[in-house]
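**Q** The structure that follows is given in the form of structure tokens.
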Amino acid sequence: VCIHRVRSCSSIRVIKSKSVCVFDKSALKFSHQQRLFRTSAVSCGQIVQFKLSDIGEGITEVTVKEWYIKEGDSVSQFDSICEVQSDKASVTITSRYDGVIRKLHYSIDDIAFVGKPLVDIEIDASKGVASEEDVVETPPMSHEEHTHQEIKGHKTLATPAVRRLAMENNIKLSEVVGTGKDNRILKEDILNYLAKQTGAILPPSPKAEIVPPLPKSETVPTAPKDKALKIPVPVSRPIVFSGKDKTEPVTGFQKAMVKTMSAALKIPHFGYCDEIDLTQLVQLREELKPLAEVRGVKLSFMPFFIKAASLGLLQYPILNASLDENCKNVTYKASHNIGVAMDTEQGLIVPNVKNVQVCSVFDIAAELNRLQSLGSAGQLGTSDLTGGTFTLSNIGTIGGTYAKPVILPPEVAIGALGKIQVVPRFNGKGEVFRAQIMNVSWSADHRIIDGATMARFSNLWKSYVENPASMLLDLK
Amino acid sequence: MVLQPSLKNCLRLSCVLRTPKAGFRSTARGALIIQSVSNDVYQNLAVEDWIHDHMDLEKRQVLFLWRNSPAVVIGRHQNPWQECDLRLLRQKNIKLARRRSGGGTVYHDLGNINLTFFTTRKKYERMENLKLVVKALKALRPQLDIHVTDRYDILLDRHYKISGTAAKLGRTSAYHHCTLLCNADKFVLSSVLKSPYKGLKSNATPSVPASVKNLFDEDPSLTSEMLLDAIAKEYATQHQIDHHITLINPADETLLPGINNKTKELQTWEWVYGKTPKFSVSTCLNMAYKDSVLDVKVNMDVKHGRIEVCNIDLPEQWLPPALYSELVKSLTGSKFCPNETTTLVTTLLRVCPQDDELHSRWNLLCENMIMLM
């Protein structure tokens, strides 16, 4: 029944003000029938001056505020052309015709007059039945064009394909309830109408294309030559993919990532991974959580990881250093400003906790709370985001075990923490016990850090985290 | 129509909630009064969009009653930087929304009620609607001195604005909505609607500031419920329908298919900030650095909420030229948004020479720039 010829013309109603009407046609011929369809707007059409219609309330002038189309764009009837404003009322002007915009009579902020031409539209030479449509059901992204036909003085909106289906089944469109926009009659409405009439859904015209059945498509019983034998034959529509590639400039957060990562590429990374048994820490945190809550702070595992890292950095200060561009000097940073990778709506940001070397676990937890709430509100300041010397990324909150984190210049090391999993392990006595295991993946700058240093740091950090009581010995 | 079957369900639900015996037939004649159960400004604006796009108002007009938790609502063609104190908004967690109708900026909180009159385009008549509101208020409290001006404001005691109006007209339908100050926080209202901006040039619709007063200041015995009820009653009388308010949930996708997409769209940066008409910023930063104060002239053109052109007049060599051009290059095309700019400039700092002096200059300049946004 449906000759599938896809022509998509993006709707003029603009959601992003940057979008323009792209007149994109692709003709997919599925039918055996040779039907000639016009594909392009004929250049020798009639130019009509579309005048600004009455706004109401006796208003004679409006200000043009936004154009949704530009000269050369194709429009369909009912597409939005522009937005005008008059005395606190914002009015969307829609096109009365199908055609191509040839001239805009006003610029933004000009005063437009009711009754005077707003745009010149070149109307297709043979309008009406000629325009092709993309038949329904596609998700809201797709764009439909409909022709407007008068049937016995009663205006009904329906695509030619739908009208043909109605005609083949001797249905008066005026009797069908349309469920589409503006009471448009859709194919479903015809089928529903038929179902109600005959108690069965009749198939489309036998001349239709036989399309290979798709596994999940609707099944429609065949026209009974033999009424007793109702074998469902899937009548599937060829999959119409109306998506288009979308190119947009890299800006904002992405731009920032591009810069950082391009610089990070210059650093020769090496990785070192290990498995951490958090069983004791999990228990400790359970005990301390309510104490912290009483003081108004949410306690996660991160404050412990961060403090342990700082204790480790005291022993291996080269991991808290920075190499200058020419690799001539290494600067050992006095402050442990430990960055915490945060995932926000806009992307990755890394605020840091300043001077962890003089902070208690509680201080760190409170500071993390502050950074997290600012981060989710998009209100982190420059000082929160600069000055970091070492970074931890808790990717485990989202998932994953091992990772290959990328060092954030000008730092020289980074650690990625996987998720905590409950797995069986053997204890000292050879017994199986329930362990809470997390994986850590370190990356370091191999120009100034060697594997042994990283390994020793990791072991020290691991010992603090696996046995939190040992942190007490070294706390300053 | 898509709405019909689900609206019947909704009406049945409302029947259970309010008047158990009322059949929907009696309320579905000529007009419909609905009230939102949500106080989320985006959800409520989305309901307006939905009704405007999907309901057939030929047979039945609609009155929509809604209230919002604290929010600033700017008109379709306005400039938020020009209209309100964005920093204060962010601090106080007050939402910012852009509506689709024209007009000026308003502050909403639960002490303000919003009324939207939906009609076909042909029956669009603002004065009639406002007269209805005044009639309802006077019926409730005859001694109130209220009247409608020719600017479609409602004034109390000839002087104080208690209601502002805006409208949206589409191809076949139209709506006129207005506010009504019952018991809003006037202090927050005046501080939040004051823009600290200087040096902003724009063709965006400016708001006309007005002295405001709450109806409650005049008569403390009034409540929002009483006002809503009085207006609904008057509307019902004028449209010859039952005085019956149907509650709707703006998150209900079955009742209002597609509503959640509309809500989301209203919250996007592209809509709220990106729809600002082109404007330019021309100002002077006074930066206190070490023992002196630097006057740095800044000129920026912002289109679609993004920086199109950026000029910062720094003393020569105050920043290494390469770094300066990196800054300008990064800012160009980027959103005129403090969050995005903060991320960009702090990232740039990672890849430039690690010099404390340089870093402190950079931070100073960038913080001042971010203050502009």
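The values are calculated or read from the model by the stated rules, or taken from the named source; none is laboratory data. What you see is a predicted model; the values in this text were computed from it and never measured. Positions of Cβ are backbone-derived with ideal geometry, glycine not excepted, and every protein chain shown enters the neighbour counts. SASA here: full protein model, heavy atoms, side chains in, ligands and nucleic acids out. Shrake-Rupley method; radii C 1.70, N 1.55, O 1.52, S 1.80 Å.
**Q** I'm checking my understanding of the structure. Among residues of segment B:300-345 that are facing chain A (nearest Cβ under 7 Å) and free of Cβ contacts under 8 Å to residues at least 12 places away in the same chain, which one is farthest from A:GLY381 (Cα to Cα)?
**A** Our first condition is that a residue be facing chain A (nearest Cβ under 7 Å); within segment B:300-345, this holds for B:304, B:330, B:333-335, B:339-340, B:342-345.
Checking which are free of Cβ contacts under 8 Å to residues at least 12 places away in the same chain leaves us with B:339-340, B:343.
Working: B:ASN339: 8, B:GLU340: 11, B:THR343: 9 Å.
That would be B:GLU340.
**Q** Now for a different question. Checking the structure you have, find out if any residue of segment B:183-203 is open to solvent by less than 50 Å² (accessible area, probe 1.4 Å), within 14 Å of chain A (Cβ to nearest Cβ) and within 30 Å of A:GLU66 (Cβ to Cβ).
**A** Scanning segment B:183-203, I find at least one residue that is open to solvent by less than 50 Å² (accessible area, probe 1.4 Å), within 14 Å of chain A (Cβ to nearest Cβ) and within 30 Å of A:GLU66 (Cβ to Cβ), so the answer is yes.
**Q** Among (1) more than 14 Å from every other protein chain (Cβ to nearest Cβ); (2) among the hydrophobic types (A, V, I, L, M, F, W, C); (3) in contact with a strand residue (DSSP E or B) (Cβ under 7 Å, 6 or more places away or on another chain); (4) not in a loop (DSSP other than H, G, I, E, B), where does A:ALA366 come up short?
**A** Going through (1) more than 14 Å from every other protein chain (Cβ to nearest Cβ); (2) among the hydrophobic types (A, V, I, L, M, F, W, C); (3) in contact with a strand residue (DSSP E or B) (Cβ under 7 Å, 6 or more places away or on another chain); (4) not in a loop (DSSP other than H, G, I, E, B) one by one, A:ALA366 breaks only (3).
**Q** Among the residues of segment A:74-96, which ones are over 16 Å from B:TYR175 (Cβ atoms), in a loop (DSSP other than H, G, I, E, B), of a type outside the set (Lys, Arg) and open to solvent by 10 Å² or more (accessible area, probe 1.4 Å)?
**A** Of everything in segment A:74-96, those that are over 16 Å from B:TYR175 (Cβ atoms), in a loop (DSSP other than H, G, I, E, B), of a type outside the set (Lys, Arg) and open to solvent by 10 Å² or more (accessible area, probe 1.4 Å) turn out to be A:SER76, A:GLN77, A:PHE78, A:ASP79.
**Q** Six or more apart or on different chains, Cβ under 7 Å: which pairs go from a residue in segment B:158-176 that's not assigned by the TED database to the domain that holds B:MET55 to one that's outside any strand (DSSP E or B) and open to solvent by 10 Å² or more (accessible area, probe 1.4 Å)? Could you list them?
**A** That search, which allows pairs on different chains as well, returns nothing.
**Q** Of the residues A:GLY378, A:GLY388, which single one is modelled with pLDDT under 95, open to solvent by less than 40 Å² (accessible area, probe 1.4 Å) and closer than 30 Å to B:LYS95 by Cα? Before you say what the answer is, go through the steps one by one.
**A** Details: A:GLY388 fails: closer than 30 Å to B:LYS95 by Cα.
Being modelled with pLDDT under 95, open to solvent by less than 40 Å² (accessible area, probe 1.4 Å) and closer than 30 Å to B:LYS95 by Cα holds for just one of A:GLY378, A:GLY388, which is A:GLY378.
**Q** So, A:GLN357, is that one away from chain B (no Cβ under 14 Å) and either over 18 Å from B:GLN354 (Cα atoms) or modelled with pLDDT under 95 (or both) or not?
**A** On the way: away from chain B (no Cβ under 14 Å): yes; either over 18 Å from B:GLN354 (Cα atoms) or modelled with pLDDT under 95 (or both): yes.
Against the criterion (away from chain B (no Cβ under 14 Å) and either over 18 Å from B:GLN354 (Cα atoms) or modelled with pLDDT under 95 (or both)), A:GLN357 qualifies.
Each row is one residue, and each column tells you yes or no for (1) under 18 Å from B:ARG350 (Cβ atoms); (2) open to solvent by less than 10 Å² (accessible area, probe 1.4 Å); (3) not hydroxyl-bearing (Ser, Thr, Tyr).
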| site | (1), (2), (3) |
| --- | --- |
| A:PRO410 | yes, no, yes |
| A:PRO424 | no, no, yes |
| A:ARG434 | no, no, yes |
| A:ALA444 | yes, yes, yes |
| A:ASN459 | no, no, yes |
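**Q** Looking at B:TYR235, B:TYR175 in this structure, which one is open to solvent by less than 40 Å² (accessible area, probe 1.4 Å), in contact with an Asp or Glu (Cβ under 7 Å, 6 or more places away or on another chain) and either outside any strand (DSSP E or B) or within 14 Å of chain A (Cβ to nearest Cβ) (or both)?
**A** From the options B:TYR235, B:TYR175, the qualifying one is B:TYR175.
**Q** Being assigned to a loop (DSSP other than H, G, I, E, B), over 21 Å from A:VAL361 (Cβ atoms) and touching a residue at least 40 places away in the same chain (Cβ under 8 Å) is the filter here, so list the residues in segment A:301-337 that pass it.
**A** If the condition is that a residue be assigned to a loop (DSSP other than H, G, I, E, B), over 21 Å from A:VAL361 (Cβ atoms) and touching a residue at least 40 places away in the same chain (Cβ under 8 Å), then A:CYS327, A:LYS333 are the ones that fit.
**Q** Could you check how many residues of segment A:257-283 are over 25 Å from A:ARG447 (Cα atoms) and open to solvent by less than 50 Å² (accessible area, probe 1.4 Å)?
**A** Here the count works out to 6.
**Q** Can you find, within segment B:66-115, the residue that is nearest to the chain's Cα centre (by Cα) among those that are of a type in the set (A, V, I, L, M, F, W, C), buried (at least 23 other Cβ atoms within 10 Å of the Cβ) and under 28 Å from B:ALA174 (Cβ atoms)?
**A** Keep residues of segment B:66-115 that are of a type in the set (A, V, I, L, M, F, W, C), which gives B:66, B:71-74, B:81, B:84, B:86, B:88-89, B:94, B:96-97, B:106, B:110, B:113, B:115.
Pick out the ones that are also buried (at least 23 other Cβ atoms within 10 Å of the Cβ) and you get B:66, B:72-74, B:81, B:84, B:106, B:113, B:115.
Adding the requirement that they be under 28 Å from B:ALA174 (Cβ atoms) leaves B:66, B:72-74, B:84, B:106, B:113, B:115.
Values: B:TRP66: 13, B:VAL72: 5, B:VAL73: 1, B:ILE74: 4, B:CYS84: 11, B:VAL106: 7, B:ILE113: 14, B:LEU115: 14 Å.
Per the criteria, the residue is B:VAL73.
**Q** Same structure, new question: Somewhere in segment A:61-73, is a residue out of contact with any strand residue (DSSP E or B) (no Cβ under 6 Å at 6 or more places or on another chain), surrounded by fewer than 15 Cβ atoms within 10 Å (Cβ to Cβ) and either at positive phi or within 10 Å of chain B (Cβ to nearest Cβ) (or both)?
**A** Narrowing segment A:61-73 to residues out of contact with any strand residue (DSSP E or B) (no Cβ under 6 Å at 6 or more places or on another chain): A:70, A:72.
Filter once more, so that each one left must be surrounded by fewer than 15 Cβ atoms within 10 Å (Cβ to Cβ): A:70, A:72.
Now restrict to residues that are either at positive phi or within 10 Å of chain B (Cβ to nearest Cβ) (or both): A:72.
Yes, the conditions are met somewhere in segment A:61-73.
**Q** To continue, here is another question. Looking for something open to solvent by 40 Å² or more (accessible area, probe 1.4 Å), touching a Lys or Arg at 6+ places or on another chain (Cβ under 9 Å), within 13 Å of chain A (Cβ to nearest Cβ) and under 19 Å from A:LYS255 (Cα atoms) - is there at least one such residue anywhere in segment B:351-370? Spell out the reasoning first.
**A** First, pick out the residues of segment B:351-370 that are open to solvent by 40 Å² or more (accessible area, probe 1.4 Å): B:351, B:353-357, B:360-361, B:367.
Add one more test, that the residue is touching a Lys or Arg at 6+ places or on another chain (Cβ under 9 Å), and what stays is B:351.
Cutting the leftovers down to within 13 Å of chain A (Cβ to nearest Cβ) gives us B:351.
Subset that is under 19 Å from A:LYS255 (Cα atoms): B:351.
Among the residues of segment B:351-370, at least one is open to solvent by 40 Å² or more (accessible area, probe 1.4 Å), touching a Lys or Arg at 6+ places or on another chain (Cβ under 9 Å), within 13 Å of chain A (Cβ to nearest Cβ) and under 19 Å from A:LYS255 (Cα atoms), which makes the answer yes.
**Q** Turning to a different aspect of this structure: Go through segment B:245-259 and give me each residue that's touching a residue at least 24 places away in the same chain (Cβ under 8 Å) and open to solvent by 60 Å² or more (accessible area, probe 1.4 Å).
**A** B:ASN249, B:THR254
**Q** Yes or no: A:LYS298 touching a residue at least 24 places away in the same chain (Cβ under 8 Å), away from chain B (no Cβ under 14 Å), touching a Ser or Thr at 6+ places or on another chain (Cβ under 9 Å) and more than 20 Å from A:ILE407 (Cβ to Cβ)?
**A** Answer is no for this residue.
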